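Below is one structure; the comments refer to it alone.
The values are calculated or read from the model by the stated rules, or taken from the named source; none is laboratory data. This one's a predicted model, so the numbers in the text were calculated from it and none came from an experiment. Here the Cβ positions follow ideal geometry from the backbone for every residue, glycine too, while neighbour counts run over all protein chains shown. Heads up: the accessible areas ignore ligands, DNA and RNA and are worked out on the full protein's heavy atoms, side chains in. Shrake-Rupley method; radii C 1.70, N 1.55, O 1.52, S 1.80 Å.
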Amino acid sequence: MKVLNERDTLFITETAFSPINGEALEHELEAHVARLHADAADLEQRLAAIDNDKNLSDEGKNARKTELYAEKAAFLDAAEAEFTKNISDRSGNMANALNAAASRAATAASTGDKAADEVRAGEIRRWFAEQDPAFRENRLSEALAQGDFELLNAIIRAPRCLGLASESLRQSVERRLAARIDPTSAATADDLRALANVMNHNFTRARKALAPLEAIARQTAPARFDPVHRVSKGL
């Protein structure tokens, strides 16, 4: 039963990270992939030993493969859970940093007089409402490039019922505004998403390599590994 192809065809070993985090995250990705690859190599070696064991009947081989599947599935579950929690915690830290950056942008746009700020925001919204909807995104991009936090905050914090910007545009501008204030956190947030996407693919590939063993386990020990059987038996 073949598990491994060439290493690079089984797992993705690299992706595009920002210069800020490139070296560190490349090493982190390599470490994650090396761990998965070592486990897959161990799986293949042990499978070969089972298949070549002349003292085992077909039933005995399937029993051994079922236990091997249980071990390897548990390893993947634990590795993926650990990775997901780590990424979630770090992404949460970046989200908090970017929220703080957005708050700083709002403060930079304020005169310190709340009533005057509201009047000015209303004027900006009326002007923006008169702009051709096809060019509103360009107007916001220009404001972002010029550091016009007053305009940006007036629009992205406008009541949604005014329909000045779609929700997707509002979120895009919020992200870009925060990134302008805190480019390091923004780049790190993007890099963590890239790392998560690649590793999600790699975990999926690792589970795909286990699929033939899972089929044997479901047939050999349905009470443990076949969810349909378990439901039908009320287990």
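Residue under question is Ala74, and the condition is that it be within 26 Å of the chain's Cα centre (by Cα), of a type in the set (A, V, I, L, M), exposed (fewer than 15 other Cβ atoms within 10 Å of the Cβ) and at pLDDT below 95; does it hold? Spelling it out, it is not the case that Ala74 is within 26 Å of the chain's Cα centre (by Cα), of a type in the set (A, V, I, L, M), exposed (fewer than 15 other Cβ atoms within 10 Å of the Cβ) and at pLDDT below 95. If the condition is being open to solvent by 90 Å² or more (accessible area, probe 1.4 Å) and touching a residue at least 60 places away in the same chain (Cβ under 8 Å), then region 20-46 contributes only Ile20. What is the residue count in region 89-105 for residues that are free of Cβ contacts under 8 Å to residues at least 40 places away in the same chain and open to solvent by less than 70 Å² (accessible area, probe 1.4 Å)? So the count comes out to 2. Give the residues of region 118-158 that are over 17 Å from Gln171 (Cα atoms) and modelled with pLDDT under 80, sorted by residue number. If the condition is that a residue be over 17 Å from Gln171 (Cα atoms) and modelled with pLDDT under 80, then Gly147 is the only one that fits.
Only one of these is farther than 30 Å from Ala121 by Cα, open to solvent by 70 Å² or more (accessible area, probe 1.4 Å), touching a helix residue (DSSP H, G or I) at 6+ places or on another chain (Cβ under 7 Å) and in contact (Cβ under 8 Å) with a residue 40 or more places away in the chain: Arg180, Arg207. Name it. Spell out how you get there, then give the answer.
On the way: Arg180 fails: farther than 30 Å from Ala121 by Cα.
From the options Arg180, Arg207, the qualifying one is Arg207.
For region 196-214, the count of residues that are part of a helix (DSSP H, G or I), charged (D, E, K, R), at pLDDT 85 or above and more than 30 Å from Leu25 (Cβ to Cβ) is nonzero. When restricted to residues that are assigned to a helix (DSSP H, G or I) and either hydroxyl-bearing (Ser, Thr, Tyr) or open to solvent by less than 50 Å² (accessible area, probe 1.4 Å) (or both), region 140-177 contains 17.
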